[in-house]
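Here's the structure we're looking at; comments come further down.
The values are calculated or read from the model by the stated rules, or taken from the named source; none is laboratory data. For clarity, every value in this text was computed on a predicted model and none was experimentally measured. Reconstructed Cβ throughout: ideal geometry from the backbone, glycine too, with neighbour counts over all protein chains shown.
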Amino acid sequence: MVFKWKKFYDVGLFLLDHSDEEEYQRSGIGRLYYACFGESRDYYEKAFLKTLPSSNAHSILINALEDSGYDEERELGEYLRKLRNLRNRADYELSLRPNDVRNSKNNAELILDILNEFNIHPVRPILNG
């Protein structure tokens, strides 16, 4: 069975809504990022006809999207980079900023909306098949 990365989005929201304790907030932000990373990676591999290597996969994916010839993919890359930065802060910084949770939720929602739109209205011809 193929893992549904989008389910991490639900886990992230559950953690963020379950408690205001910092460990839940940090973990929730991480789950939101990995939901979006996994879904974006699946899109990339299908649309770009490339498999991401395990080394530097996050940077390669984000850079490829931001360097795309399609505005919609560049936008996806920008939101994914912002969410990755928020996840990095949640994982490594001493404290979260007041808007980190809200910004993480907003970016994750935008990313998943863009990916959903790609399924309905593909920007690359390969997705039509």
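Criterion applied to Asp100, Asp20 was being surrounded by fewer than 17 Cβ atoms within 10 Å (Cβ to Cβ), out of contact with any Asp or Glu (no Cβ under 7 Å at 6 or more places or on another chain) and among the acidic types (Asp, Glu), and the one residue passing it is Asp20.
The lone criterion from (1) within 19 Å of Tyr79 (Cα to Cα); (2) more than 15 Å from the chain's Cα centre (by Cα); (3) aliphatic (A, V, I, L, M); (4) at pLDDT 95 or above left unmet by Leu32 is number (2). Is it true that some residue in the range 24-32 is loosely packed, with under 14 Cβ neighbours inside 10 Å, free of Cβ contacts under 8 Å to residues at least 12 places away in the same chain and farther than 23 Å from Asn119 by Cα? For the range 24-32, residues loosely packed, with under 14 Cβ neighbours inside 10 Å, free of Cβ contacts under 8 Å to residues at least 12 places away in the same chain and farther than 23 Å from Asn119 by Cα: absent. The set of residues from the range 39-95 being in a helix (DSSP H, G or I), exposed (fewer than 14 other Cβ atoms within 10 Å of the Cβ) and in contact (Cβ under 8 Å) with a residue 40 or more places away in the chain comprises just one member, Asp91. With modelled with pLDDT under 95 and over 17 Å from Ser27 (Cα atoms) as the only criterion, which of Ile111, Ile126 stands out? Result: Ile126 is the single residue among Ile111, Ile126 that is modelled with pLDDT under 95 and over 17 Å from Ser27 (Cα atoms). Note on the range 103-125: among residues that are without any contact (Cβ under 8 Å) to a residue 12 or more places away in the chain and either hydroxyl-bearing (Ser, Thr, Tyr) or not in a loop (DSSP other than H, G, I, E, B) (or both), the one that is surrounded by the fewest Cβ atoms within 10 Å (Cβ to Cβ) is Ile120.
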